[in-house]
Amino acid sequence: MILGIESTAHTLSFGVVENDGRAKPSVSNLFRPEEGGIHPREAADHHSNVAGELLSEVMVKNSISKSDITAIAFSQGPGLGPCLRVGASVARALANSWEVPLIGVNHCVAHIEIGRNQTGCEDPVLLYVSGGNTQVIARRGNKYRVLGETLDIGIGNMLDKFARSQGIPFPGGPEIERLAGNWLSRNTECSLESILLPYGVQGMDLGFSGILTAAIKKTSTHELSEVCWSLQEHSFAACIEVAERAMAHTGKSELLLGGGVACNERLREMASIMCQERGGESYSPNKGYCVDNGTMIAELGRKMLESGSLTTLQDSAVSPGLRTDQTIVTWH
Ligand code: ATP
Ligand code: FE2
């Protein structure tokens with residue numbers, strides 16, 4: 001089995017994948033700040049404090065011992081430096097003491113590979129929507145290329161900030177989804193005309209800071225659940241539009257969703273409607289594999305191990321600004 005360690009932001013997670021690709025559910029521990037956003041150093045302290053316990057848990061839950069582990073994979077970037085360094089230190093220590101190879105992986109690429117592993121799609125356009133990242137990605141040659149992305153904040157970050165402004169604790173996305181559903185169930189005839197928000201598509205790129213400011217303003221004149229509904233409709237439609245254009249440009253027929261915001265049922269519904277209309281197919285992994293998880297790191301580690309892409313100790317420094325298209329794809 002390959003052991004994967006995820007620590008890019010607020011989640012510390014361990015997961016394993018069998019050498020033949022069978023994935024096992026991750027064990028995770030989420031840092032929840034008492035107030036405000038995530039302070040990288042506080043999140044890193046949290047990760048250090050729970051790492052030992054979580055490691056034992058993943059071994060016990062999967063009934064494995066260190067002799068079952070053939071390699072250690074960890075998130076090398078992108079992410080928050082202090083958080084990444086905790087995961088990398090644990091990975092280096094384990095690889096060294098268990099005498100197995102170390103593999104530093106690209107977190108964004110891991111979202112794609114666990115999605116392919118879980119859904120069976122072959123060559124998708126990935127709509128990667130999380131707190132820190134919003135990207136539309138597709139493979140061309142030996143790289144996953146970013147065809148469009150947010151020019152300011154990630155969509156999940158926008159949802160969390162909006163939620164925080166309304167006194168809803170982190171993570172705000174699930175509660176916004178619940179409130180939006182509540183509005184819809186009480187107002188079957190509702191129209192976006194009465195609550196328009198900025199539409200954040202700029203060419204193939206996206207932007208969410210304008211819609212955040214406008215949505216906060218709307219809460220003084222509209223019910224919160226209506227604003228949540230409109231916020232989802234506008235921001236998700238923008239992502240789906242860019243994803244559709246990416247599918248048209250590349251000629252690919254599969255759309256894969258990934259990242260924490262891909263847990264959202266309305267986003268999943270919009271994705272499948274769009275794909276149906278153009279004769280394509282939309283794929284969404286189970287929610288546990290959409291949010292940040294150690295298993296996705298293990299799965300990309302497995303593919304890199306098979307293709308001989310290992311990481312030496314000298315090259316194992318974390319890379320907070322790592323880009324999706326910096327990783328050479330050496331696997332199928
Ligand atoms: P990354 O490091 O890839 O940027 P992340 O640190 O943001 O990821 P994830 O676990 O991928 O972590 O995503 C968390 C985000 O997903 C949060 O912004 C949260 O509000 C959002 N989210 C979770 N569930 C839902 C949902 N049902 N609807 C909308 N957003 C959701
Ligand atoms: Fe992520």
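In a residue-by-residue description of the range 231-242, the property of being of a type in the set (Asp, Glu), within 24 Å of Gly156 (Cα to Cα) and open to solvent by less than 50 Å² (accessible area, probe 1.4 Å) applies to at least one position.
Taking the residues in the range 182-206 that are under 18 Å from His222 (Cβ atoms) and touching a Lys or Arg at 6+ places or on another chain (Cβ under 8 Å) as candidates, determine which candidate is farthest from ligand 2 (Cβ to nearest atom). Here the answer is Ile195. Contact map, the range 172-198: first residue under 20 Å from Ala238 (Cβ atoms), second residue more than 8 Å from ligand 1 (Cβ to nearest atom) and in a loop (DSSP other than H, G, I, E, B), Cβ cut-off under 6 Å, separation 6 or more or different chains; pairs are Ile195/His222.
Is it fair to say Phe162 is modelled with pLDDT of 95 or more and either closer than 30 Å to Ser220 by Cα or surrounded by 18 or more Cβ atoms within 10 Å (Cβ to Cβ) (or both)? Yes. When Asn293 is tested against the conditions (1) under 23 Å from Leu159 (Cα atoms); (2) open to solvent by less than 10 Å² (accessible area, probe 1.4 Å); (3) not assigned by TED's automatic domain parsing to the domain that holds His107, the lone failure is (3). Of all the listed residues (Ala95, Ala88, Ala110, Ala71), the sole one being at pLDDT 95 or above, small (Gly, Ala, Ser) and closer than 30 Å to Ser282 by Cβ is Ala110. Scanning the range 94-115 for residues that are more than 17 Å from Ser309 (Cβ to Cβ) and away from ligand 1 (no atom under 12 Å from the Cβ) gives Leu94, Asn96, Ser97, Trp98, Glu99, Gly115.
Scanning the range 116-149 for residues that are open to solvent by 10 Å² or more (accessible area, probe 1.4 Å), more than 14 Å from His332 (Cα to Cα) and away from ligand 1 (no atom under 16 Å from the Cβ) returns Thr119, Arg145, Leu147. The criterion of being touching a Pro at 6+ places or on another chain (Cβ under 9 Å), touching a residue at least 24 places away in the same chain (Cβ under 8 Å) and within 27 Å of Cys263 (Cα to Cα) holds for Gly77.
Quick check on this structure: which one of Gly15, Gly4, Gly37 is in a loop (DSSP other than H, G, I, E, B) and open to solvent by less than 50 Å² (accessible area, probe 1.4 Å)? Of Gly15, Gly4, Gly37, the one residue that is in a loop (DSSP other than H, G, I, E, B) and open to solvent by less than 50 Å² (accessible area, probe 1.4 Å) is Gly37.
The values are calculated or read from the model by the stated rules, or taken from the named source; none is laboratory data. Keep in mind it's a predicted model, so treat the numbers as computed, not measured. Counting neighbours? That spans all protein chains shown, and the Cβs are built from the backbone with ideal geometry, glycine included. Note: areas computed on protein heavy atoms with side chains; ligands, DNA, RNA excluded. Shrake-Rupley method; radii C 1.70, N 1.55, O 1.52, S 1.80 Å.
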